[in-house]
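Report on one structure; see the data block that follows.
The numbers here are math on the coordinates, done by the rules we state, and not lab data. Being a predicted model, the structure only gives us computed values, none of them experimental. Positions of Cβ are generated from backbone atoms using ideal geometry, with glycine treated the same way; all protein chains shown enter the neighbour counts.
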Amino acid sequence: MESILRKLVSFPTISETSNKELINYINSYLKKFKISGELIEGEKNQFNFHCIIGPKINGGIIFSGHTDVVPVDGQDWKSNPFKLSNKNNKYFGRGTCDMKGFIAVCLSIVPKIEIERLKKPLHFIFSYDEEIGCVGIQKIKPLLKKLKPKPSFCVVGEPTEMQVINQHKGKKNFSVTFYGLESHSSLIEDGVNAINYCTEFINYLNKLQKELIDKYNNKNFSPAYPTINVGKIKGGLAVNIIPMKCKLDFEIRDTPEMESKLIIFNIKKFIKYLELRMKEKSKKCKIVFEIKNNFPPLYTKDDSDIISLCLKALKKNNTSTVSFGTEAGVFSDVGFETIVCGPGSIKQAHKPNEFIYKSQLKQCEIFLLKLVDELYKK
């Protein structure tokens with residue numbers, strides 16, 4: 001396992017850069033065991049990967065993870081982040097925890113699988129650009145909907161310290177650009193101030209946040225309600241110019257029970273109201289609303305077969321929840337019973353000197369092999 005993890009970490013697959021070499025390595029590795037993989041290009045030189053191990057029939061399970069990692073720029077690393085180091089029963093390196101450790105375990109168990117004995121297939125699906133909004137997996141969502149043979153279950157191996165996660169929040173990113181009309185600041189009636197209208201929209205989002213707090217209370221999450229965050233704003237050229245343009249980026253992290261489509265509809269309705277007011281002053285004015293990414297929350301019922309299977313394999317009794325988003329919501333959305341369970345702690349993810357305990361990788365190996373054992377049964 002260590003040699004595989006070392007190789008995976010050595011590929012600097014930072015989001016929005018090519019992961020081709022890493023995917024080719026995975027594909028070549030699996031070919032040694034006569035397993036054929038499919039490379040599915042999304043953006044140029046960025047690939048999702050899919051393979052089927054065992055009989056090509058319905059049923060079985062997906063092991064899934066993302067191949068991209070977050071940047072290391074400006075972080076205080078004590079060692080080369082793209083060279084695996086080993087100290088105090090930990091592996092250090094970018095992606096060890098999030099989430100090349102899980103992928104390394106998936107690949108390492110392949111020699112231990114008695115492929116000819118499998119009654120149901122094992123699927124590997126490895127994606128790109130998860131860290132910037134589940135971009136890669138969204139690209140193959142149409143393929144997942146039509147996937148044949150169709151798997152029954154999916155395990156997404158994000159770092160959960162090997163806890164079974166059956167609920168997490170979703171994440172939706174939006175961009176809103178206000179186009180007003182420039183004028184000299186002394187002639188305020190001649191212009192349309194894009195920043196002012198953007199401010200009205202921010203006030204609306206603050207009001208909406210209060211409504212969401214009052215309406216939703218899912219104590220499985222912290223905070224227990226959907227959240228709205230205005231993360232970025234840019235507008236104006238100079239203090240003596242009425243600003244013609246202002247751009248705002250915001251996100252919503254929705255809980256599984258939130259009526260997301262209705263919320264987005266109401267946001268667009270308010271934007272239309274603002275735009276009509278702007279156009280009353282000048283028909284040149286407009287507001288452009290864009291959905292940058294939209295991946296759903298996860299909710300898998302406690303009595304689902306995948307949960308029983310995973311709790312039994314781990315000898316645990318309880319599921320848990322997390323507030324961060326994963327690709328699991330996408331798999332669930334297309335019809336697979338899905339949980340999140342993987343080695344490492346999210347507390348180590350994205351930080352300098354990212355690490356994973358060797359014991360977590362071993363625990364994950366035992367877990368995955370027990371799930372594979374279920375595939376030998378009819």
Can you list, bin by bin at 10 Å, the percent of alpha carbon pairs in the stretch 140-255, starting at 0? 11, 26, 23, 20, 12, 6, 1
Could you tell me which residue out of Asn293, Gln209, Thr255 lies farthest along the dipole of the stretch 171-295 toward its positive end? Charges go on the beta carbon: Lys and Arg +1, Asp and Glu -1, centred on the Cα centre. Asn293
Once phi for every residue in the stretch 115-122 is put through the Karplus expression 6.51 cos²θ - 1.76 cosθ + 1.60 (θ = phi - 60°), the whole-Hz ³J(HN,Hα) values, with Gly and Pro written as x, are 4, 5, 8, 5, 8, 10, x, 10
Rounded to 0.05, the calculated FRET efficiency for the beta carbons of Lys301 and Ile115 at R₀ = 30 Å is 0.40
Compute the convex hull volume of the Cα atoms of the stretch 324-378, divide it by the residue count, and report the result per residue in Å³ as a whole number. 85
Expressed in whole Å with the largest first, what are the equivalent ellipsoid semi-axes of the stretch 207-305 derived from the C-alpha gyration tensor as the square root of 5 times each eigenvalue? 35, 15, 13
Taking 0.36 nm per residue of separation between Ser308 and Asp190 and subtracting their Cα-Cα distance, the length gained on full extension comes to 35.8 nm
Strictly over 30 Å apart at the Cα level, which of Lys207/Lys301; Lys207/Lys247; Lys139/Lys378 would you flag in this model? Lys207/Lys301; Lys139/Lys378
Alpha carbons only, please: Rg and Dmax for the stretch 1-67, in angstrom. 12.9, 36
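First select every other residue whose beta carbon is under 15 angstrom from the beta carbon of Glu280; then total the charges, Lys and Arg +1, Asp and Glu -1.
+3
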Amide H neighbours of Thr67 under 5 Å, at least 5 residues apart or on other chains, H built in the peptide plane: list them. Ser127, Tyr128, Asp129, Glu130
Pick from Ser186, Ser152, Ser282: which residue has the top mean-square fluctuation in a GNM of the chain where Cα pairs under 10 Å get a spring? Ser186
Go through the stretch 337-351 residue by residue and turn each phi into a ³J(HN,Hα) via Karplus (6.51, -1.76, 1.60, θ = phi - 60°); whole Hz please, and just put x for glycine and proline. 5, 10, 10, 10, 7, x, x, x, 10, 4, 5, 8, 5, 6, 9
Quick one: net charge around Asn220, please, counting Lys, Arg +1 and Asp, Glu -1 for every other residue with C-beta under 15 Å from its C-beta. +1
Using θ = phi - 60° and Karplus 6.51 cos²θ - 1.76 cosθ + 1.60, couplings along the stretch 16-27 (whole Hz; Gly, Pro as x): 6, 10, 5, 10, 4, 5, 5, 5, 5, 4, 4, 4
Out of the trypsin sites (Lys or Arg not before Pro) in the stretch 202-260, which ones are loop residues according to DSSP with at most 12 other C-beta atoms within 10 Å? Lys219
Say R0 is 30 Å: what FRET efficiency, to the nearest 0.05, do Leu262 and Val288 get from their beta-carbon distance? 0.85
For Val164, which sequence-distant residues (separation of 5 or more, or a different chain) have an amide H within less than 5 Å of its own amide H, given hydrogens modelled in the peptide plane? Ser320
State the volume of the convex hull built on the alpha-carbon positions of the stretch 37-173, expressed per residue in Å³ and rounded to an integer. 157
Where does the stretch 125-193 land on Rg(C-alpha)/(2.2 N^0.38 Å)? 2.04
Out of residues 5 or more away from Ile53 or on other chains, whose amide H comes under 5 Å of its own, with H placed 1.01 Å from N in the peptide plane? Leu122, His123, Phe124
Principal axes first, then extents: for the Cα atoms of the chain, list largest minus smallest coordinate on each axis, whole Å, largest first. 78, 45, 36
If you stretched the chain out fully between Lys31 and Asp214, how much longer would it get, using 0.36 nm times the residue separation minus the C-alpha to C-alpha distance? 60.4 nm
Which residues in the stretch 303-323 have a backbone N closer than 20 Å to a point placed 7 Å from the Cα of Gln363 along the Cα-to-Cβ line? 307-323
